[in-house]
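Chemist: Supplied in structure tokens, the structure appears directly below.
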Amino acid sequence: MSYNTFGHMFRVTTWGESHGPAIGCVIDGCPPRIPLDVSDIQPWLDRRRPGQSKFTTQRQEADQVEILSGVFEGQTTGTPISLLIRNTDQRSRDYGDIATRYRPGHADVAYDTKYGIRDYRGGGRSSARETAMRVAAGAVARKVLGAGVRIRGAMVQVGPHGIDRAQLDWDLVNANPLFCPDAQALPVWEDYLADIRKKGSSIGAVIEVVAEGVPPGLGAPIYGKLDSDLAMALMSINAVKGVEIGEGFAAASLTGEENADPMRMEDGRLRFASNHAGGVLGGISTGQPLVARFAVKPTSSILTPVPSVTREGENVDVMTKGRHDPCVGIRAVPVGEAMIACVLADHLLRHRGQVGS
């Protein structure tokens, strides 16, 4: 197995490298007769596209998606959907100096140890460039889920600077390049990141994704838990080092009374008084908003020389040149949304297969 595929019923396989001629994905298991064309996918890719602000890599990629198969006369056919994005702004020469040097914090040494070969041009397969295809697949997954499910992400912390949740404004998220939902935090973040960028350094971030309208009953006990699949999907994103659902790690400091989500029947419907569980109990969705957060480490490509070694075992200092994100968490927001969309679409189809619609 090559482990380039995720999902069970809604299966996504991505392929391609950062500096290859193209990247792409194949989506298998998408139901037929779902309206789909490029206009359903491109807007989501545009949100992730590099070079849109001084706070992201200046690599200029249009990320124009092409649908090669699985769609006929504007509808999915039930056969594999193949999507392609051509790489147009590779600068492989930027990586010549690290062809035999391992960049600290990157996957260089791990890939070389496992495979005995690595593509040093921008990280090859381990590059965040691959995530463009996850976003494309997520756009298709949103079509499977339907308009009743709304998935929104935001950056809620940059370095030590978090948002004031009393000021959270989802309408602000797509109106600024940092996906920030807090008008008061935004200028603080901008000044902070400008200083980080000027120093040639980087910083981490925390992203929160909320999915509303998720039907109850998705997921399964023990090894098919919705939250475990969400955690796996989010952890598979480049640079992610932690995932939590609902209260997450904060639940460890709560009492049982504080952490419980009280229930009552109101107007013939089950209502929850709180959502500490993040919309999942026993691995199965409750119908409440699904809430997930993930932590992204600082970009490992920095201008400060860091001690490392060469492939031949020589001690060296490595300073990474090229075009890099001072905070890779910014462009991780649409990627996190996409991965949650794919997991939910997969579990929706699995649920239908087991218990019906």
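Chemist: Applying the selection to segment 314-345, what residues are out of contact with any strand residue (DSSP E or B) (no Cβ under 8 Å at 6 or more places or on another chain) and buried (at least 16 other Cβ atoms within 10 Å of the Cβ)?
Modeler: If the condition is that a residue be out of contact with any strand residue (DSSP E or B) (no Cβ under 8 Å at 6 or more places or on another chain) and buried (at least 16 other Cβ atoms within 10 Å of the Cβ), then 320, 322, 323, 324, 325, 326, 331, 335, 338, 339, 343, 345 are the ones that fit.
Chemist: Output the residue which, of all residues in segment 322-342 that are part of a loop (DSSP other than H, G, I, E, B) and not hydrophobic (A, V, I, L, M, F, W, C), is farthest from the chain's Cα centre (by Cα).
Modeler: Restricting attention to segment 322-342, the residues satisfying the condition of being part of a loop (DSSP other than H, G, I, E, B) are 322-328.
If we keep only those that are not hydrophobic (A, V, I, L, M, F, W, C) as well, we get 322-326.
Numbers: 322: 23, 323: 20, 324: 17, 325: 15, 326: 17 Å.
So, considering only residues that are part of a loop (DSSP other than H, G, I, E, B) and not hydrophobic (A, V, I, L, M, F, W, C), the one farthest from the chain's Cα centre (by Cα) is 322.
Chemist: At least 2 residues that are within 24 Å of the chain's Cα centre (by Cα) and among the hydrophobic types (A, V, I, L, M, F, W, C) in each: list the strands (runs of 3 or more DSSP E) lying fully within segment 274-321 that qualify.
Modeler: 290-296
Chemist: Moving on. Suppose we filter 269, 264, 293, 311 for residues that are open to solvent by 80 Å² or more (accessible area, probe 1.4 Å) and touching a residue at least 60 places away in the same chain (Cβ under 8 Å); which single one remains?
Modeler: Step by step, each of 269, 264, 293, 311 is checked, and only 311 is open to solvent by 80 Å² or more (accessible area, probe 1.4 Å) and touching a residue at least 60 places away in the same chain (Cβ under 8 Å).
Chemist: Which count do you get for residues in segment 193-231 that are of a type outside the set (D, E, K, R), open to solvent by 30 Å² or more (accessible area, probe 1.4 Å), assigned to a helix (DSSP H, G or I) and farther than 16 Å from residue 281 by Cα?
Modeler: Total meeting the criteria: 1.
Chemist: Next question. Considering only segment 108-126, how many residues are within 20 Å of residue 299 (Cα to Cα), surrounded by fewer than 19 Cβ atoms within 10 Å (Cβ to Cβ) and small (Gly, Ala, Ser)?
Modeler: Qualifying residue count for the region: 2.
Chemist: Still on this structure, I have one more. Please enumerate the residues belonging to segment 232-260 that are more than 15 Å from residue 339 (Cβ to Cβ), part of a loop (DSSP other than H, G, I, E, B) and open to solvent by 30 Å² or more (accessible area, probe 1.4 Å).
Modeler: 247, 254, 255, 260
Chemist: Across segment 195-216, which residue is farthest from residue 330 (Cα to Cα) among those that are of a type outside the set (A, V, I, L, M) and touching a helix residue (DSSP H, G or I) at 6+ places or on another chain (Cβ under 7 Å)?
Modeler: This residue is 202.
Chemist: Residue 154 fails exactly one of the following numbered conditions: (1) farther than 30 Å from residue 19 by Cβ; (2) touching a Leu at 6+ places or on another chain (Cβ under 7 Å); (3) assigned to a strand (DSSP E or B). What is the number of that condition?
Modeler: (2)
Chemist: Please indicate, with yes or no, whether at least one residue in segment 182-192 is open to solvent by 20 Å² or more (accessible area, probe 1.4 Å) and within 18 Å of the chain's Cα centre (by Cα).
Modeler: Scanning segment 182-192, I find no residue that is open to solvent by 20 Å² or more (accessible area, probe 1.4 Å) and within 18 Å of the chain's Cα centre (by Cα), so the answer is no.
Chemist: So residue 338 ticks every box in (1) touching a Lys or Arg at 6+ places or on another chain (Cβ under 6 Å); (2) farther than 28 Å from residue 45 by Cα but one. Which box is left unticked?
Modeler: Single failed check for residue 338: (2).
The values are calculated or read from the model by the stated rules, or taken from the named source; none is laboratory data. Everything numeric here is computed off the predicted structure, so don't read it as measured data. Every residue, glycine among them, receives a Cβ derived from its backbone with ideal geometry; neighbour counts consider all protein chains shown. Keep in mind that these areas ignore ligands, DNA and RNA; they rest on the heavy atoms of the full protein, side chains included. Shrake-Rupley method; radii C 1.70, N 1.55, O 1.52, S 1.80 Å.
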